[in-house]
Amino acid sequence: MQVALAHKPKMHSFLEWRDLKVVYKRYANLYFCCTIEGQDNELMTLELIHRYVELLDKSFGNVCELDIIFNFEKGYFILDEFLMGGDIKKSVLRATEQADLLQEEDESPCSVLEEMGLA
Amino acid sequence: MRLPHRDGGAGGTAVTSVENGAALRESSCHPSNGNTVTVRPSRYETVRWLVQRQSGGSIGERDGCSETPGAVSKSRAQLHSPLLAGRTGGLFWAEVVASPGKSKEAEIKRINKELANIRSKFKGDKALDGYSKKKYVCKLLFIFLLGHDIDFGHMEAVNLLSSNRYTEKQIGYLFISVLVNSNSELIRLINNAIKNDLASRNPTFMGLALHCIANVGSREMAEAFAGEIPKILVAGDTMDSAKQSAALCLLRLYRTSPHLVPTGDWASRVVHLLNDQHLGVVTAATSLITTLAQKNPEEFKTSVSLAVSRLSRIVTSASTDLQDYTYYFVPAPWLSVKLLRLLQCYPPPEDPAVRGRLTECLETILNKAQEPPKSKKVQHSNAKNAVLFEAISLIIHHDSEPNLLVRACNQLGQFLQHRETNLRYLALESMCALASSEFSHEAVKTHIETVIAALKTERDVSVRQRAVDLLYAMCDRSNAQQIVAEMLSYLETADYSIREEIVLKVAILAEKYAVDYTWYVDTILNLIRIAGDYVSEEVWYRVIQIVINRDDVQGYAAKTVFESLQAPACHENLVKVGGYILGEFGNLIAGDPRSSPLVQFNLLHSKFHLCSVPTRALLLSTYIKFVNLFPEVKPTIQDVLRSDSQLRNADAELQQRAVEYLRLSTVASTDILATVLEEMPPFPERESSILAKLKKKKGPGTVMGLEEGKRERGPDINGGPEPAPASATSTPSPSADLLGLGAVPPAPAGPPPSSGGLLVDVFSDSPSAVAPLAPGSEDNFARFVCKNNGVLFENQLLQIGLKSEFRQNLGRMFIFYGNKTSTQFLNFTPTLICSDDLQANLSLQTKPVDPTVDGGAQVQQVVNIECVSDFTEAPVLNIQFRYGGTFQNVSVKLPITLNKFFQPTEMASQDFFQRWKQLSSPQQEVQNIFKAKHPMDTEITKAKIIGFGSALLEEVDPNPANFVGAGIIHTRTTQIGCLLRLEPNLQAQMYRLTLRTSKETVSQRLCALLSEQF
């Protein structure tokens, strides 16, 4: 991790770590890291990270790290929809969104109720 | 991967992770290690880390994935998850995490308060509704992720699993996935809930259940569901999304507990999922099949043609055809990569139609790389190149289409100069693999200048490291000098972390491709000068081994180390090499007054006090060797040995050496001294210990493959025939000591000892069967014509060394049998076999040796030889023994040849020609014209003629390029005068050899023997 942080933007984004590789990408001041085996395709992993960030972005609307902190469970759900057992499940934005929507629909009435009850 | 915890992190940067590769899900254990049952620390550590940080900036805008660029900071209220809101409407979580100034104690206090609250809610009389339960379970999870232990709430989480609300179920499953424990009661309940969801036919519920199985992935999960999931996967009425989940879930279980996942009739149906309409299902199925096919290639063989046709449909589709699956104008990149990966589990397809179609696909992918990009976004080029790199991996894997290999190489060559560092890095890596293919090796070599430039200009150390790897891989005889020179110059500025590896690589290349061993010696000495600290023992041991084994380079080596030692500051390793080489071969340069014995000694001794104890010990041995070599410096050396700093040295080893050497130099006669301090015998030729070290450093996969690839192209590693069969050299020596003893070879294949095998053993033990000559025996035989000592034979078990001396018609040969294993040899019986003809002319006498040879031990056998009359054949040495239950039988030709009984005769030019004329009858002369097999080097040729036994007569032949020799062959009955003349023709690379002796058979035999040497 320290190595990744020390890397300058112009450097490449693959690190060898024991017999694995760490692929990382920086978005603003968040680093997304992903460990893969020697045989896996590095560039595709880079895009995997990008796709995940896109998904987060779609879901939260301009995602920032506080979104991920306070909605960590959503971050997980999206990740679970997207990847499973380390393999990509849905590369399609829309399909993942649908699952995401399902959650929102279910949730929103409740939270409104909660707020009303508290008010 | 371990993400930094609060104290270890770097300032100002937050980290989150996406996981890929089974490795992470198993808390950084290797996927094959199936017994880890644990939560996924990386997941929650990530959030733990995140929640410590407080900085607002929006992520995403940097790479253009958000519509409105620019940081949008959100108000705290907006950010708050309703689930995490405090009871009083106050912002509990904000209190806990959002105040950077707050102390750890305050945080713990606040959390304990909240935990108490939750506990009382769970214990309260009032039944909680689903929503509250979900809320509190979620809070517990968050507290756990903050780094606090949670010891309750599991039951509430399990209750949530049976809820019919999606979000309640989801939180329940998340809690289970993160905080699973092996409480058997709970596991039963969880499994029950999962079973219900799997049977529910509701695809979202099935999805959640499958995710939970996959996320936990434990043995227990595998036991409970491994039978169920394949059914879901192949059932006709399963929804597509559930099929995807089922395939990936099965893959996950297979990775953790392969033995628990039965392969059954579903295998063939899974293969047919490659034809599915839904690309998501195809992607998931491809991942599953790739992993399964690695273990059972036969069972999934039919997937090859399906994968090829699927791939071909994708690569030929227009970018809009696949709609949702098009990623930045690249059609289904993930699926393409996975299909290409799957194809790498198999050899090239046999069916010509399939093969043709695949070649077409690969060509299309290569062509697309040349097209202008459809988008300027880095995502587009990354996805496109990811497919390209995977296609190149497949091309390399097949290694059968020269055209594709060369095209791939050219494509990578373009990437070498690309402005994206990622691409340069990957191109260097792939090219390394291409270099070991015989079809593309030459093409890779054309990029040498670019790679060297990369070595000099790349800013990233790991990219430079790749460049070094590639240079190493592309090195062969034609470019070795250039590459080694570049690596040496890079070494001066190289990063400390990779210096040792570069040193090893340089040492290996220099040895492997040395045509001229003076170059080798220069290179290694340079290596020590530039990076002495990184030159490991193996490297300097090796240079000494090579110098000792090669007579032609000894004088040069002595001269060069002598010169190098003159530098005011030289590395200790140089002192070691210098000490050893001057001790052995200092006499070769002692004729020059500038390097007279005394000068040599003073030079070495000037370094003595700066050296460590082992080096000093080595130098003391050098001094005693000097006493033997140069009697004139004996008093000086004795004075040094006698000094208090030696005789009373605090170090026991140094003191002992000083005392013993001093005594030895005083009491021993010159003869004894000469015997004790005789020149070191040649080292057995064997795999370089440096190579073994590099392999150890790099792991067996990469370098081994490379070495084997190279061996096929350039078999000549040591510039001479290899004594050991290939199987022996490819066994990496586990120890890297100077002599290579103690190497434990793998047990040879053979019938295991059992009572049933007794009969076989009895038969196979019968000594009547003599094995055919070992491979390489003829070559080895030829090597001994001009020398008397060395290694005659070596395999994984046994090494045979020779030392012999001849005088007139008598000779004595010492045969050393070394047991290279750690196991005893039993019934060890060496036999000398002479044909009847030979027996009449050559008399051999020997005693039998001890029939047991202990592991690692050496036994010696003496053969007394008498030449009765001239002879042509050579005796055969047959060795039979038992090793670990198997019977071993080895035969080699013993190098006792007629020329061994040569006695050199010096004569003047006039005498020579007079005798030459006397031997002019046609029977007496034999002539042979032949092509040179070795480089035509004057000095080597002279050495060989002398080694052959005759005198080398200078200034006899009017043509100075020619060599003439004279000598007498002694037999018991007669003496035969021999004259020889060798005329080299450099242009034609030919030799003409003429022999005149008084006996026809002798002329023929000597001519045949000597012709083989040049």
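The values are calculated or read from the model by the stated rules, or taken from the named source; none is laboratory data. It should be emphasised that the depicted structure is a prediction, and the values quoted were computed from it without experimental measurement. No Cβ is skipped: glycine too gets one built from the backbone with ideal geometry, and neighbour counts run over all protein chains shown.
Some notes on this structure:
- Applying the criterion of being facing chain A (nearest Cβ under 8 Å) and polar (S, T, N, Q) to the residues of the stretch B:367-392, the residue that is nearest to residue B:338 (Cα to Cα) is B:385.
- Here the stretch B:197-231 is the region considered, the condition is being touching a residue at least 12 places away in the same chain (Cβ under 8 Å) and not in a helix (DSSP H, G or I), and the residue that is nearest to the other protein chains (Cβ to nearest Cβ) is B:217.
- Among the criteria (1) buried (at least 19 other Cβ atoms within 10 Å of the Cβ); (2) in contact with a strand residue (DSSP E or B) (Cβ under 7 Å, 6 or more places away or on another chain); (3) modelled with pLDDT of 80 or more, the one residue B:795 does not fulfil is (2).
- For the stretch B:481-524, the set of residues classified as in a helix (DSSP H, G or I), surrounded by fewer than 19 Cβ atoms within 10 Å (Cβ to Cβ) and out of contact with any helix residue (DSSP H, G or I) (no Cβ under 6 Å at 6 or more places or on another chain) consists of B:481, B:482, B:485, B:489, B:496, B:497, B:519, B:522, listed by residue number.
- Only one of B:234, B:178 that is in contact (Cβ under 8 Å) with a residue 60 or more places away in the chain, among the β-branched types (Val, Ile, Thr) and either farther than 30 Å from residue B:111 by Cα or within 11 Å of chain A (Cβ to nearest Cβ) (or both): B:178
- Single residue of the stretch B:968-993 satisfying the filter (of a type in the set (D, E, K, R) and farther than 12 Å from residue B:901 by Cα) that is surrounded by the most Cβ atoms within 10 Å (Cβ to Cβ): B:981
- Residue identified as more than 14 Å from chain A (Cβ to nearest Cβ), touching a Gly at 6+ places or on another chain (Cβ under 9 Å) and within 26 Å of residue B:396 (Cα to Cα) among B:444, B:451: B:444
- Residue match in the stretch B:455-463 (condition: outside any loop (DSSP other than H, G, I, E, B), surrounded by 14 or more Cβ atoms within 10 Å (Cβ to Cβ), of a type in the set (Ser, Thr, Tyr) and away from chain A (no Cβ under 14 Å)): no
- Residue within the stretch B:146-161 that is within 14 Å of another protein chain (Cβ to nearest Cβ), farther than 30 Å from residue B:106 by Cβ and modelled with pLDDT of 85 or more present: yes
- Within the stretch B:845-885, being free of Cβ contacts under 8 Å to residues at least 40 places away in the same chain and assigned to a strand (DSSP E or B) holds for B:845, B:846, B:853.
- Cβ-Cβ under 6 Å pairs, at least 6 apart or on other chains, the stretch B:655-671 side closer than 23 Å to residue B:608 by Cα, far side β-branched (Val, Ile, Thr): B:661/B:624; B:665/B:627
- Test: residue in the stretch B:658-668 that is part of a helix (DSSP H, G or I) and under 19 Å from residue B:555 (Cβ atoms): no
- With respect to being within 14 Å of another protein chain (Cβ to nearest Cβ), out of contact with any Cys (no Cβ under 6 Å at 6 or more places or on another chain) and free of Cβ contacts under 8 Å to residues at least 60 places away in the same chain, residue B:278 fits the description.
- For the stretch A:23-47, residues that are part of a loop (DSSP other than H, G, I, E, B), facing chain B (nearest Cβ under 7 Å) and not polar (S, T, N, Q) total 2.
- When residues of the stretch B:205-223 are limited to those that are touching a Lys or Arg at 6+ places or on another chain (Cβ under 8 Å) and modelled with pLDDT under 85, the one nearest to residue B:160 (Cα to Cα): B:215
- Selection of first residues in the stretch B:573-584 that are without any contact (Cβ under 8 Å) to a residue 12 or more places away in the chain and among the hydrophobic types (A, V, I, L, M, F, W, C) and of second residues that are buried (at least 24 other Cβ atoms within 10 Å of the Cβ) and outside any helix (DSSP H, G or I), restricted to Cβ pairs under 6 Å at least 6 apart or on distinct chains, gives an empty result.
- Candidates A:64, A:33 - the one that is surrounded by 24 or more Cβ atoms within 10 Å (Cβ to Cβ), over 26 Å from residue B:429 (Cβ atoms) and touching a Ser or Thr at 6+ places or on another chain (Cβ under 6 Å): A:64
- Unique match (being assigned to a helix (DSSP H, G or I) and more than 26 Å from residue B:248 (Cα to Cα)) among B:354, B:308: B:354
- For the stretch B:621-659, filtered to residues that are farther than 15 Å from residue B:600 by Cα, charged (D, E, K, R) and under 45 Å from the mean Cα position of the chain (by Cα), the residue that is surrounded by the most Cβ atoms within 10 Å (Cβ to Cβ) is B:657.
- Test: residue in the stretch A:77-90 that is at the interface with another protein chain (Cβ under 7 Å from one of its Cβ atoms), at pLDDT below 75 and at positive phi: yes
- Test: residue in the stretch B:991-1005 that is part of a loop (DSSP other than H, G, I, E, B) and under 21 Å from residue B:842 (Cβ atoms): yes
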